[in-house]
Each structure stands twice: as C-alpha cells, then as structure tokens.
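J.: Provided herewith is a single structure, encoded as structure tokens, for subsequent inquiry.
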Amino acid sequence: MSLGGAAINEPGHWDVFISHSQRDANAVALAVELYFSLKERGHAVWLDVKMNKRDVAAMEEGAKNSTVVVAIVTDGGGVEENAFFRRDFCLQELRWAKSAGVAIQPILRVDDKKRVGEFIGDAPDDLKDIGKVDWVDLNRGDNEYWDVGVNKLVKRLEEARKRVRQPAAQEAVGKNSMHAEAVALLKEMHLDKYADALFKEGVVTAADLSLVDDEIMDDVGFSKLEKKKFLKHRPSSARPSSSRTPDSSISTVRRGQAAIDSFKARGNWRKLANVRNAATRLQMLSVDAKAKTLTSEAAIDSIKEAEGRKNVNAIIERMKLDVADADVQQWACWALSSLSQNNDDNRTRIGKMGGIEAVVSAMKRHEKYCSVQDQACVVLYNTSSNAECKRRAVDAGAIPAIEAAKRKHPNNDGVQRRGKEALDRLSS
C-alpha cells in the first residue's frame, strides 16, 4: 500500500515477490539465488534485503502489487519455530496476496519434494488451498535442474499475467487516502473534518488511530474538548493495548525516522538503530553505542542496511564485532558475496579492509554451520579473481578451511559445489 499514492519502494509493482523464512539458512540461500536468476531473465523482483524500505507497509505493498508471490516453503532447518508456516510475516504475506487476488506459487528444495503433503498439513486452515497449486522444486546443486525449475516458475508467472485480477473490496479503499473504516470511526466521533490532516500525518488505517498522541492532535488542530472526545470515545479496536509502549506513537516515529535519515546521511552506521515495524509504524530498538554491541537481530538488520548502501566497511566491522554470532557471520558473508559479485572495486575494498581474513576466521570458528561455510565459499570464490585477495585468502588459511568444510558437510550440496569452485580458483 502506497501512502498518498507514492510508492514506498520503486517501481511500486513487481513481477515476483519472494516470501521466505529469514531464520532458515536454506531458505535465505534459495531466495537470493532465485532473485538473481529471475533478474537475469529480466523480471522485477521484490526481495526484502534488496529493498530500500523493508517495514510492514513495504512488505504489504510488495505482496499486493506483484503478479506472483513465491512462497519458499522450508522446515526451518530442523527448528520448528523457523519453519515457513511458523513465521508470522510469511503467513501475513500470503494473506495480503490472497486479499489482492495475487497468485501464490509455492516452491521447495529438491530434498523436500516428497514432503509437500507434510507442509500443506502445517499450513493454517485459511492457507491450505496452497495445496491446489503444483509445487516447483529447485536444486541449487545442479545448474541444469535449477534452470528447469526457474523456467517452470517463469511459465507460471506468464500464466498469472494472463488472468484478470479481481481485487478484494478492501483494496479499493485507502490507496490514495485514509481507509474508509478509519474515516467512519472519525465520523462517529464527529471528527471526520480532520481526516485529511490526519492522513497527512501518517494515519491510514483504523488501527493507526490508536497511535495518535498529543503532538499529532496539536498538529492537526484538535481543541481540548476534541482531544478528550477522541481519547474517550474511539472504539476499543482502535485503542492502544496495554502492551503498547510510548515509543510506538506516530510523533515518536517521526523523530526516530529523522534521526535515522541523519545517521544515514553521515554514514554513521554504528548509531543507526534497528528499524522494526510492528503495526505499519517504525519502532526504534536500543543500541549500546559505547560497547558497540547490538542484539543478534539488530546486528543482522544493520548488515542488511549496510548491504543496501554498498557499505563494505560497515559489514566487515560488524563481522569483527560479532565474531561469536554464527547468524551475524552468515548474513555478513551473504552481504559480501552479493557485493563482490561482478564488482572489482568491492572485491578490492573487501581485501584492503580485512574482509578476507574475517571470512576465513568465520569459517574456522563456525565450522558446524553449513550456512556460514556456504556463503563464505561464495565470497572466497568471488574475491579470488583479484590477485591480492587471492594471496590474502591463501595466507589466511582459506584452502584448508574450505577442505574442512567439505569434510564436515558431505551431504550439503551448496558447501560441496561452492567449496569446489572456490578451491579450484584458489589453487589455480
């Protein structure tokens, strides 16, 4: 949904929206590779880590304004709470797609192709019709098999384009103005004259009314009596819950966003707080600036933000600050692999800033995590086309680290294939 008609992310509509569990390394790897494969075929693709804005409103815009939502269904790597159908946002993305008449195409790893029935059983009742669609399996370890799967997906995309979309009734309202339900609530309180002004302040849905505070009411011109009326009579469905904190108000969000923009402008990424959006609004999380430590989730978000700005130094610094966190190391390796692909300047920067040594260190420290090994091998493969990076990798012990990874994970297609590619280049 675009506030005031303007796209949250450009161009505002996409061919494919990729939905996946960010906590599952297999899903992340599949999503990234699929993103590049579809881009190479000329399709516009929405993937969270490639978007400038990644909040709830941006996700809703992407899901509702794509031709196909691709659901990468995985089991969470054996961790039930990380499985696709256990992630709230994954479910919400599918529900947004259904509400807007967008086609949903489930895909899965080739290793899971016999588990379709099991996955359908895990889906909530309102999403079980995903079983009526032919699932597509993808194999990252076999280039020809991969292309067959992607081509099937492209065919489904073409079929979806031919169908006439029938948007749900709720899609017809709120596109360029406040939702009709929110306006109706204001009318009940005889405050609908403020609808346009509140819309300009960021109030779009009925739920947003619960986020309006004194500063917003002053800005739009509420009198003292109108304030009392608004606070007293707004329906319970629009009132803040007892768990809501003052930091979730719209005015606080505006100030927080101003701070974020300022930090971005100065490139001061260490002070950039993690941006979350629990109800189409931002919520700032604390950062211990003195110790330069972040929660694991916040550190990962800082890496994504840095990758979006192509800030290689910020990613490497975060790797060095969170050497013991396997999730952070995996995401950092993924970001460096993305930035080093077909980019000689970034490869040089990675080498000069100690990125090669950081990657090899991550491999040695987190040898049991295949996701770290997989992405680290991609970085080493990409960067070793640069003579200095290649020398640094060999000196840091990359070759024995890769060999150890291949021995440790004999059944992981990604580690085996990418490890071999990296070894071949480093040994040549």
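The values are calculated or read from the model by the stated rules, or taken from the named source; none is laboratory data. None of these values were measured; they are calculated from a predicted model. Please note: Cβ atoms are built from the backbone with ideal geometry, for glycine as well, and neighbour counts cover all protein chains shown. Note: accessible area is taken over every heavy atom of the protein model, side chains too, but ligands, DNA and RNA are not part of it. Shrake-Rupley method; radii C 1.70, N 1.55, O 1.52, S 1.80 Å.
J.: Convert each backbone phi in segment 305-310 into a coupling constant with the Karplus relation 6.51 cos²θ - 1.76 cosθ + 1.60 (shift: θ = phi - 60°), then list the ³J(HN,Hα) values in order as whole Hz, x for Gly and Pro.
T.: Going residue by residue, I get 5, 5, 5, x, 8, 6 Hz, with x marking Gly and Pro.
J.: What percentage of the solvent-accessible surface of segment 1-112, computed with a 1.4 Å probe over protein heavy atoms, is contributed by carbon and sulfur atoms?
T.: It is 45 percent, rounded to a whole number.
J.: Please work out whether segment 18-157 counts as rounded, prolate or oblate from its C-alpha gyration tensor, where a ≥ b ≥ c are the square roots of the eigenvalues and a/c under 1.5 means rounded, while otherwise a/b larger than b/c means prolate and anything else oblate?
T.: The shape class here is rounded.
J.: Here is a follow-up. What percent of all Cα-Cα pairs in segment 382-428 falls into each 10 Å bin, going from 0 up to the bin containing the maximum distance?
T.: 28, 54, 17, 0
J.: Now for a different question. Could you state the accessible area per residue of segment 33-109 in Å², with a 1.4 Å probe and every protein chain left in place?
T.: Using a 1.4 Å probe on heavy atoms only, each residue of segment 33-109 averages 34 Å².
J.: Using the Karplus curve 6.51 cos²θ - 1.76 cosθ + 1.60 with θ = phi - 60°, what ³J(HN,Hα) values do you get for each residue of segment 212-221, in whole Hz, with x for Gly and Pro?
T.: Along segment 212-221, the couplings run 6, 10, 4, 5, 5, 4, 5, 4, 8, x Hz.
J.: Another question about this same structure. Rounded, prolate or oblate for segment 312-428? Axes are the square roots of the Cα gyration tensor eigenvalues, ordered a ≥ b ≥ c, and the cut-off for rounded is a/c under 1.5.
T.: Here segment 312-428 falls in the oblate category.
J.: So how do Asp15, Asp129 rank on accessible area, 1.4 Å probe, biggest first, that is with the largest at the start?
T.: Descending accessible area places them as Asp129, Asp15.
J.: Let me ask another. Give me the extension gain from Glu188 to Glu10: residue separation times 0.36 nm, minus the current Cα-Cα distance, reported in nm with one decimal.
T.: 60.4 nm
J.: While we're here: Let me know the shape class of segment 74-163, please: from the alpha-carbon gyration tensor, a ≥ b ≥ c as square roots of the eigenvalues, rounded when a/c is under 1.5, otherwise prolate if a/b is greater than b/c, or oblate.
T.: Since a/c reaches 1.5 but b/c is at least a/b, the shape of segment 74-163 is classed as oblate.
J.: Name the residues whose placed amide hydrogens come within less than 5 Å of the amide hydrogen of Gln105, ignoring near sequence neighbours (fewer than 5 apart) on the same chain.
T.: Val69, Val70, Ala71
J.: At a 1.4 Å probe radius, carbon and sulfur cover how many percent of the accessible area of segment 113-154?
T.: Roughly 46 percent, rounded to a whole number.
J.: Here's another thing I want to ask about it. With a 10 Å radius around each residue's Cβ, average the other Cβ atoms per peptide and rank 137-148, 324-335, highest first.
T.: My ranking of the peptides, most packed first, is 324-335, 137-148.
J.: Also, quick follow-up: Only loop residues by DSSP count here, and only those with at most 15 other Cβ atoms within 10 Å; note down the GluC sites (Glu not before Pro) in segment 39-105 that meet that.
T.: Here no GluC sites (Glu not before Pro) fit, given the DSSP loop and packing criteria.
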